Amino acid sequence: MKKELAQGEQICPRCLGTGRYSYNQIDGSVCYGCNGKGVTPKLPENTAKTLKLIVKTDRWNKYTFRNGDQLKAKFCNLSEKDQNPIYMVSDKWGRGFKLRLSNIEKNCDIIK
């Protein structure tokens with residue numbers, strides 16, 4: 001039976017929509033790409049899948065990011081409120097936070 005996709009969703013490319021992937025003793029066979037749902041958010045047109053960033057402000061101390069830090073960002077999903085892309089932003093030590101693109105653009109220079 002084919003799964004109905006909501007607008008803005010796609011079949012998970014990791015598990016191909018089954019919600020299951022390789023087995024491990026902690027989580028069983030749950031797919032980490034879609035958290036077992038079988039679907040992931042579809043990447044909107046003109047939205048980058050990954051970004052490289054340099055922090056340009058010290059106001060991001062609450063996220064432990066400082067002026068000049070180099071960060072990576074990976075697209076996660078769209079906010080339900082305003083459909084703004086949300087990215088998982090992380091530093092070289094792996095500390096990460098989910099942030100809206102509008103917040104990233106205010107506080108970082110995006111490197112192409």
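The values are calculated or read from the model by the stated rules, or taken from the named source; none is laboratory data. It should be emphasised that the depicted structure is a prediction, and the values quoted were computed from it without experimental measurement. Methodologically, a virtual Cβ is constructed for each residue, glycine included, from the backbone with ideal geometry; neighbour enumeration extends over all protein chains shown.
Structure data summary
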item	result
Hey, Lys37 more than 15 Å from Glu105 (Cα to Cα) and either loosely packed, with under 13 Cβ neighbours inside 10 Å or among the basic types (Lys, Arg) (or both) or not	yes
Which numbered condition Val30 misses (of (1) outside the structural domain of Glu105 (by TED's automatic domain parsing); (2) modelled with pLDDT under 90; (3) surrounded by 11 or more Cβ atoms within 10 Å (Cβ to Cβ))	(2)
Filtered residue count, the stretch 1-56, keeping only those that are farther than 19 Å from Pro85 by Cα, touching a strand residue (DSSP E or B) at 6+ places or on another chain (Cβ under 6 Å) and among the polar types (S, T, N, Q)	1
Among the residues listed as Gln25, Gln7, the single one being at pLDDT 80 or above and not hydroxyl-bearing (Ser, Thr, Tyr)	Gln25
Every residue from the stretch 26-76 that is at positive phi and out of contact with any Gly (no Cβ under 7 Å at 6 or more places or on another chain)	Gly28, Asn35, Asn46, Thr64, Gly68
Scope the stretch 3-27; condition exposed (fewer than 15 other Cβ atoms within 10 Å of the Cβ) and aliphatic (A, V, I, L, M); matching residues	Leu5, Ala6, Leu16, Ile26
Qualifying strands (runs of 3 or more DSSP E) (wholly inside the stretch 1-95; at least 2 residues being without any contact (Cβ under 8 Å) to a residue 40 or more places away in the chain)	9-11, 20-24, 28-30, 39-41, 70-78, 85-90
Residues being surrounded by 16 or more Cβ atoms within 10 Å (Cβ to Cβ) and closer than 24 Å to Asp91 by Cα - total across the stretch 41-57	4
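A quick yes/no check of all residues on (1) surrounded by fewer than 18 Cβ atoms within 10 Å (Cβ to Cβ); (2) among the β-branched types (Val, Ile, Thr):
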site: Thr64; (1), (2): yes, yes
site: Gln70; (1), (2): yes, no
site: Phe75; (1), (2): no, no
site: Val89; (1), (2): no, yes
site: Lys98; (1), (2): yes, no
site: Leu101; (1), (2): no, no
